[in-house]
């Protein structure tokens with residue numbers, strides 16, 4: 001047995017404290033490596049159990065484990081969950097008063113905590129660093145855990161300047177093991193994490209990025225709000241979810257509109273006052289069936305396991321962003337959906353944002369390459385999951401659980417259409433966007449066509465065999481295939497890419513996907529028996545018991561002032577309803593029921609299960 005898998009006491013803590021019978025994937029190796037004093041970088045998907053990788057070593061090593069976390073809400077939820085499990089934990093961030101923060105600091109120096117969660121800006125304060133120096137001098141620092149480590153990357157989607165300074169942990173606290181963790185990092189981001197955090201000698205643990213319970217669907221944007229509502233009504237009414245929009249205004253308007261349609265929707269963006277944001281986030285965390293309509297200001301570190309869907313009304317900036325955001329669905333392992341409406345306007349908007357940024361040229365090139373990879377995912381005619389995982393250097397087979405696998409798109413020979421589109425771009429001087437080019441191809445006598453004399457071009461009216469909707473998807477796919485480029489300097493006009501020459505001269509064929517309907521087809525929907533309330537395979541009697549358990553849990557959560565899932569996850573309640581244990585010993589074998597929770601809730605649960 002390797003040193004990493006032989007950490008004494010790790011399995012007993014896993015079972016007694018956290019209620020799990022066995023480690024998953026590389027968790028045990030990571031725990032052993034940390035306990036023995038090694039540094040590591042851990043890449044593990046959302047819901048894969050990253051937290052246990054530092055929580056258990058912090059309980060096994062002498063002293064306090066310091067966890068650097070960027071979000072207040074995440075700290076509060078994780079500390080609440082640890083306290084429910086009997087772990088001595090606290091957090092230190094701007095939500096505390098000076099008196100409360102002082103109390104936490106005194107308790108830290110007194111050795112009263114197993115784990116302390118701290119915001120990066122708080123950790124970097126000279127006063128707190130001095131306190132850490134005192135702990136280090138007396139060998140009372142168990143480890144440093146740097147959560148959401150991708151925040152250190154300038155090329156990443158969640159860059160936080162404070163993370164750039166966390167290399168000082170290596171410089172000032174030698175001998176204290178460090179673990180950096182993230183659910184999202186391509187090769188460029190991984191290399192930067194290792195460099196910026198001084199983890200050159202760290203061991204790398206990479207788990208599969210696959211989230212098999214998530215169904216990926218991308219539809220052509222027609223009326224995106226109406227398409228979203230149809231999706232929700234077909235599959236997710238009354239269930240928790242997140243809807244991402246690009247702008248604050250769109251967030252407000254979409255949330256209001258969904259509310260008018262009978263969806264319990266709340267807005268969330270950085271422009272709202274702090275109290276309202278906190279209230280909406282608390283409702284999302286603690287109430288069932290809330291849909292949060294948000295910008296990307298919401299979500300990183302959200303620990304809510306029963307999010308049944310994540311929808312995008314606008315295109316994210318990269319595959320990392322898409323993966324990170326969609327990964328907030330289905331953390332409990334039950335079926336969940338990642339749904340997105342996507343159109344040509346999204347491409348133009350994202351290209352414009354890249355060009356308008358004040359970033360260096362290298363950053364713009366990387367951002368453009370990341371967007372191109374995302375466009376390839378959107379226009380894929382083969383399994384989306386295969387394409388998504390390949391971006392993270394992971395090979396996989398077709399999944400059978402994405403729209404492309406469930407309803408394989410028809411592919412047609414679009415060579416002639418591509419040649420017509422590319423010729424039209426050339427003949428109009430490479431100065432116009434798709435809408436004007438389509439008017440020319442369809443032979444429309446518009447004011448703009450007359451203004452520029454396009455009615456006299458050889459390409460005027462040569463595309464009447466296709467309708468406007470098909471031409472939109474043709475242009476979108478030509479961009480995704482690298483045959484056309486969006487000219488950032490001229491308001492989204494299209495230009496010929498170098499690769500287009502071979503198509504125009506007849507040396508390269510072009511295959512295009514047929515237009516897919518925006519409304520989800522019956523074949524792609526889950527049957528009524530596969531919604532969240534029955535997704536764990538419960539029969540009707542077990543489902544009724546599961547509902548009673550949820551009601552009991554809601555009362556306990558309200559009494560303790562914590563989100564319901566901090567008490568027990570839905571998956572644990574489903575297993576209780578299915579197995580119906582009748583003794584304390586049998587109850588203790590249920591995944592998620594640790595010793596502390598057995599002591600606190602065992603009698604009440606057995607009474608519910610016996611009736």
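For the list (1) in a loop (DSSP other than H, G, I, E, B); (2) within 15 Å of residue 66 (Cα to Cα), I need the number of the one condition that residue 159 fails.
(2)
Just need a number here: residues in region 269-306 that are touching a helix residue (DSSP H, G or I) at 6+ places or on another chain (Cβ under 9 Å), at pLDDT 90 or above and under 16 Å from residue 237 (Cβ atoms).
4
So residue 370 passes all but one of these: (1) on the phi < 0 side of the Ramachandran plot; (2) not assigned by TED's automatic domain parsing to the domain that holds residue 232. Which condition number does it fail?
All conditions are met except number (2).
Would you please name the residue that is surrounded by the most Cβ atoms within 10 Å (Cβ to Cβ), looking only at residues in region 232-255 that are more than 15 Å from residue 295 (Cα to Cα) and in contact with a strand residue (DSSP E or B) (Cβ under 9 Å, 6 or more places away or on another chain)?
It comes out as 232.
For region 253-322, please list each of the strands (runs of 3 or more DSSP E) lying entirely inside it that holds at least 2 residues being within 17 Å of the chain's Cα centre (by Cα) and in contact (Cβ under 8 Å) with a residue 12 or more places away in the chain.
Result: 291-294, 309-312.
So which helices (runs of 4 or more DSSP H) are wholly in region 533-611 and hold at least 3 residues that are within 26 Å of residue 49 (Cα to Cα), in contact (Cβ under 8 Å) with a residue 40 or more places away in the chain and in the same structural domain as residue 303 (by TED's automatic domain parsing)?
Output list is empty.
Can you list residue pairs whose Cβ atoms sit under 8 Å apart, with the first residue in region 176-194 being in a helix (DSSP H, G or I) and the second being at pLDDT 95 or above and crowded, with 24+ Cβ neighbours inside 10 Å? Count only pairs 6 or more apart in sequence or on different chains.
So the pair list comes out as 193/180.
With respect to residue 116, is the statement that it is assigned to a helix (DSSP H, G or I), at pLDDT 95 or above and touching a strand residue (DSSP E or B) at 6+ places or on another chain (Cβ under 6 Å) true?
It is false that residue 116 is assigned to a helix (DSSP H, G or I), at pLDDT 95 or above and touching a strand residue (DSSP E or B) at 6+ places or on another chain (Cβ under 6 Å).
Could you check residue 122 against (1) within 22 Å of residue 61 (Cα to Cα); (2) under 29 Å from the mean Cα position of the chain (by Cα) and say which number it fails?
Unmet for residue 122, out of (1) within 22 Å of residue 61 (Cα to Cα); (2) under 29 Å from the mean Cα position of the chain (by Cα): (1).
Among 462, 479, 438, which is assigned by TED's automatic domain parsing to the domain that holds residue 497 and touching a strand residue (DSSP E or B) at 6+ places or on another chain (Cβ under 8 Å)?
After ruling out the rest, the residue left standing is 479.
Tell me, which strands (runs of 3 or more DSSP E) lie completely within region 1-102 with 2 or more residues that are closer than 30 Å to residue 274 by Cβ and in the same structural domain as residue 140 (by TED's automatic domain parsing)?
It comes to 64-68, 89-92.
The values are calculated or read from the model by the stated rules, or taken from the named source; none is laboratory data. All values derive from a computational prediction rather than experimental measurement. Please note: Cβ atoms are built from the backbone with ideal geometry, for glycine as well, and neighbour counts cover all protein chains shown.
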